[in-house]
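Below is one structure, written out as structure tokens, with a few remarks after it.
The values are calculated or read from the model by the stated rules, or taken from the named source; none is laboratory data. All of these numbers come straight from a predicted model, not from anything done at the bench. Don't worry about glycine lacking a Cβ; one is built from the backbone with ideal geometry, like all the others, and counts go over all protein chains shown. These area figures cover heavy atoms from the full protein model, side chains too; ligands, DNA and RNA do not enter into them. Shrake-Rupley method; radii C 1.70, N 1.55, O 1.52, S 1.80 Å.
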Amino acid sequence: AKMWIPIATTDKYQSVEITSMEVPVEYKLLKDKEFNNTILYLEPGALQSQKTIEITYMVKRLERGPIDEAAPVNNRYLTENLLMPVGGGFADVAKDATRGRDVTALMKARALYDYIIDNMRYMKYGNYGKGDANYACDVRTGNCTEFHSFFISLARSLAIPARFAVG
């Protein structure tokens, strides 16, 4: 098998220190050049099939408010992809959810958030966990990845830049 595990990193909102890491095989820490993420890469064999990987962090979080981006928005945060379509039914839902609250992009985003919280159930049922916005919209259930992808599709349908972030 080949495994890629994201490693938490320090940024201006959190400091992260790995206090211990137990990996049953040889591994590499890779750097993603596009997003500067660190990835734990390993190739466990049959002998490691029942083994666990344990990474322990010491994390100090700082409060974070809305981000005020000064740089131009990267187009990838406005366009659709396979699991997060833009427009069509998503635009209709987004327009309905933000009706009367469309003064600023932040107010629209909050309205979309409220809509999702009011209309979806956190439930690990069916084909959940893939971050498929169509599934989330149709079934109205899923785990955090469905909540995120549905929000991103709705936001991008209103030309609000949105991206998936964990941590």
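Go over the candidates GLU80, GLU17 one by one and state the one that is charged (D, E, K, R) and assigned to a strand (DSSP E or B).
So the residue among GLU80, GLU17 that is charged (D, E, K, R) and assigned to a strand (DSSP E or B) is GLU17.
Hey, among the residues in the stretch 131-146 that are assigned to a helix (DSSP H, G or I) and of a type outside the set (A, V, I, L, M), which one's least open to solvent (accessible area, probe 1.4 Å)?
The extreme case among them is GLU146.
What single numbered condition from (1) exposed (fewer than 12 other Cβ atoms within 10 Å of the Cβ); (2) more than 21 Å from the chain's Cα centre (by Cα); (3) of a type in the set (Phe, Trp, Tyr) fails to hold for TYR27?
So TYR27 meets the others, but not (1).
Starting from residues that are among the β-branched types (Val, Ile, Thr) and surrounded by fewer than 17 Cβ atoms within 10 Å (Cβ to Cβ), keep the ones in the stretch 96-121 and report whichever is modelled with the highest pLDDT.
Filtering the stretch 96-121 for residues that are among the β-branched types (Val, Ile, Thr) and surrounded by fewer than 17 Cβ atoms within 10 Å (Cβ to Cβ), the one modelled with the highest pLDDT comes out as ILE117.
Being in a loop (DSSP other than H, G, I, E, B), of a type in the set (Val, Ile, Thr), touching a residue at least 60 places away in the same chain (Cβ under 8 Å) and open to solvent by less than 50 Å² (accessible area, probe 1.4 Å) is the requirement here; does VAL93 meet it?
Taking the combined requirement at face value, the residue does not satisfy it.
Considering the stretch 51-74 alone, what residues qualify as being over 17 Å from the mean Cα position of the chain (by Cα), more than 29 Å from ILE18 (Cβ to Cβ) and open to solvent by 70 Å² or more (accessible area, probe 1.4 Å)?
Residues satisfying the conditions are ASP68, GLU69, ALA70, PRO72, VAL73.
Consider ASN127 carefully, then state whether it is polar (S, T, N, Q) and part of a loop (DSSP other than H, G, I, E, B).
Considered against the rule, which asks whether it is polar (S, T, N, Q) and part of a loop (DSSP other than H, G, I, E, B), ASN127 comes out as yes.
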